[in-house]
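Scroll down for the structure; my scribbles are underneath it.
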């Protein structure tokens, strides 16, 4: 699940990740030759490759642009454009690979009325 927490208005919105363009990033195997994937643009600039990808069976859910370092093909950042046209940009700074991540990193304080519950996941 992808959760968006707005503490200002005390609202939590949740979406199944497979119903977002991010689903491309969480698959065990990513096959850009897959018939269900459309690469609408590839641009090379300043040592980077920018690739805009859309899942054909989810065109109405937006799209994702992946940005790779050209020499190593290491993923540096991505941009997701949602159905309303809003863009969210994520950059990876000093990423670490294959390290354990504590489950506490995936919890949040639910801003809604508490009913004697702990943090939600």
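Every number here is computed from the coordinates shown, using simple stated rules; none is lab data. A quick note: this is a predicted structure, and the numbers were derived from the prediction, not measured. Neighbour counts run over all protein chains shown; Cβ positions are idealised from the backbone, glycine included.
Odds and ends about this structure:
- The chain - percent relative contact order, Cα under 8 Å, separation 6 or more: 18
- Ranked by the mean number of other Cβ atoms within 10 Å per residue, highest first, peptides 34-46, 84-96, 65-77 order as 65-77, 34-46, 84-96.
- Calculated FRET efficiency for the pair residue 3/residue 49, C-beta based, R₀ 35 Å, to 0.05: 0.70
- For the stretch 1-42, the residues whose amide N sits under 18 Å from a probe point set 7 Å from the Cα of residue 57 along the beta carbon direction are 16-39.
- Cβ crowding within 10 Å, taken as a proxy for footprinting-reagent exposure, orders 109, 60 from fewest neighbours to most as 60, 109.
- Under the simplified labelling scheme, the residue 27-residue 40 pair shows an inter-label distance of 1.8 nm, with each label point 7 Å from Cα along Cα→Cβ.
- Subtracting the Cα-Cα distance of residue 94 and residue 109 from 0.36 nm times their residue separation leaves 2.7 nm of extension gain.
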